[in-house]
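The values are calculated or read from the model by the stated rules, or taken from the named source; none is laboratory data. Worth saying up front: this structure is predicted, and the values here are computed from it rather than measured. When we count neighbours, we look across all protein chains shown, and the Cβ atoms used for this are built from the backbone with ideal geometry, even at glycine.
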Amino acid sequence: MEDRARTTAARVLENRRLWDERVPINAASEFYDLTGFRSGRDDLDSFQLDELGDVDGLDLAHLQCHIGLDTMAWARRGARVAGLDFSAPAVETAAALAAEAGLEGRARFIAADVYDAVEELGARAFDVVYTGNGALMWLPDISRWARTVAGLLRPGGRLYLAEFHPLTDVLDDEDGATVVRDYFSRGARTYYSPGSYADWSAETVHNNATEWHHTLGDVVSAVAGAGLRVQFVREHETIPFQRYAALVADGGRFRYADRRTRLPLMYSLAATADA
């Protein structure tokens, strides 16, 4: 068990180095479009805005926030936000962007491991915990994550998760339909990934990434097991980037070209803490 913990810690450290290196690449990319962000654009899915609803005046924690664009999108809608990420360069970039956007009073950013969020942000200090878009796959222990979320929420507070569907982890990168990996395999998967999803041509040094696959059932069970009451789980047919070559653009999102043979690309989950 001790050797396994050391191996996991080494993989997390390797992931952090990978993400640290990609912060300036991502910040300079068209994918993140910081020029558009500075002019008021954000990239929250419409279903997220509908499902989470009005956040004006609420305290919101965004776990694994990267450079904070979604965090600040909620701040622009009136929330008082705290973004947390294990990458110090990402947090520094987010804080600088918040200052440029005039959001210093509404947005703060902390560099810390997600499992330390209660100690870093405050126990039962938030009305909303928000996370998603490729966050959970970087976590080795989904049950510990759910307990961390529960520890952050005030009585009656809400978890809102908008995440890539775990089915997308096991489908072929070209056709997005052929199963090429085991959906029920929960071990760590380490792979070589030079460049960045925001700029595949970028030259990078830290290229070994490790992900942990969590099925939809794993996530729902972890949330319920942490004492949160699941309100809904909804699956969605669009995704913010071209996950598979077979997907086509549609209104700033991507979907399967043939709507008769669709598979879920994202899902959303909401849960509440007991009042």
Q: Looking only at region 117-133, decide whether some residue is surrounded by fewer than 21 Cβ atoms within 10 Å (Cβ to Cβ) and within 26 Å of Arg38 (Cα to Cα).
A: yes
**Q.** Positions within region 67-111 being farther than 16 Å from Asp42 by Cα and basic (Lys, Arg), in sequence order
**A.** Arg80, Arg106, Arg108
**Q.** Candidate set: region 248-268, residues that are without any contact (Cβ under 8 Å) to a residue 12 or more places away in the chain and in a strand (DSSP E or B); chosen: the one surrounded by the fewest Cβ atoms within 10 Å (Cβ to Cβ)
**A.** Ala249
Q | Filter result (out of contact with any Phe, Trp or Tyr (no Cβ under 8 Å at 6 or more places or on another chain) and of a type in the set (Asp, Glu)) within region 50-67 | A | Asp50, Asp54, Asp56
Q) Which one is surrounded by the most Cβ atoms within 10 Å (Cβ to Cβ), of the residues in region 222-247 that are part of a helix (DSSP H, G or I) and in contact (Cβ under 8 Å) with a residue 60 or more places away in the chain? A) Val223
**Q.** Candidate set from region 166-223 (those that are out of contact with any helix residue (DSSP H, G or I) (no Cβ under 6 Å at 6 or more places or on another chain), polar (S, T, N, Q) and within 21 Å of Leu269 (Cα to Cα)); member that is modelled with the lowest pLDDT
**A.** Thr168
Q. What number goes with the only condition from (1) part of a helix (DSSP H, G or I); (2) aliphatic (A, V, I, L, M); (3) in contact with a Cys (Cβ under 9 Å, 6 or more places away or on another chain) that Leu84 does not pass?
A. (1)
Q) Is there any pair linking a residue in region 118-134 that is within 21 Å of Asp56 (Cα to Cα) and modelled with pLDDT of 95 or more to one that is buried (at least 20 other Cβ atoms within 10 Å of the Cβ) and of a type in the set (Ser, Thr, Tyr), with Cβ under 7 Å and at least six apart or on different chains, and which? A) Val128/Tyr160; Tyr130/Tyr160
Q. Quick one: is Phe37 part of a helix (DSSP H, G or I), aromatic (Phe, Trp, Tyr) and under 21 Å from Tyr197 (Cα atoms)?
A. yes
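Matching residues to (1) buried (at least 19 other Cβ atoms within 10 Å of the Cβ); (2) closer than 20 Å to Val149 by Cα; (3) free of Cβ contacts under 8 Å to residues at least 12 places away in the same chain; (4) of a type in the set (D, E, K, R):
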position: Pro24; (1), (2), (3), (4): no, no, no, no
position: Asp33; (1), (2), (3), (4): no, no, yes, yes
position: Ser39; (1), (2), (3), (4): no, no, yes, no
position: Gln64; (1), (2), (3), (4): yes, yes, no, no
position: Thr71; (1), (2), (3), (4): yes, yes, no, no
position: Ser87; (1), (2), (3), (4): yes, yes, no, no
position: Thr93; (1), (2), (3), (4): yes, no, no, no
position: Leu97; (1), (2), (3), (4): yes, no, no, no
Q: Assess whether Ala150 counts as being closer than 29 Å to Gly187 by Cα, surrounded by fewer than 23 Cβ atoms within 10 Å (Cβ to Cβ) and in contact (Cβ under 8 Å) with a residue 12 or more places away in the chain.
A: yes
Q: Kindly indicate whether Glu14 is within 24 Å of Trp138 (Cα to Cα) and either crowded, with 19+ Cβ neighbours inside 10 Å or out of contact with any Leu (no Cβ under 7 Å at 6 or more places or on another chain) (or both).
A: yes
Q) Among the residues of region 183-197, is there at least one that is out of contact with any strand residue (DSSP E or B) (no Cβ under 8 Å at 6 or more places or on another chain), more than 24 Å from Leu153 (Cβ to Cβ) and buried (at least 17 other Cβ atoms within 10 Å of the Cβ)? A) yes
Q: Go through Gly122, Gly132 for me and flag whichever is touching a Leu at 6+ places or on another chain (Cβ under 7 Å) and at positive phi.
A: Gly132
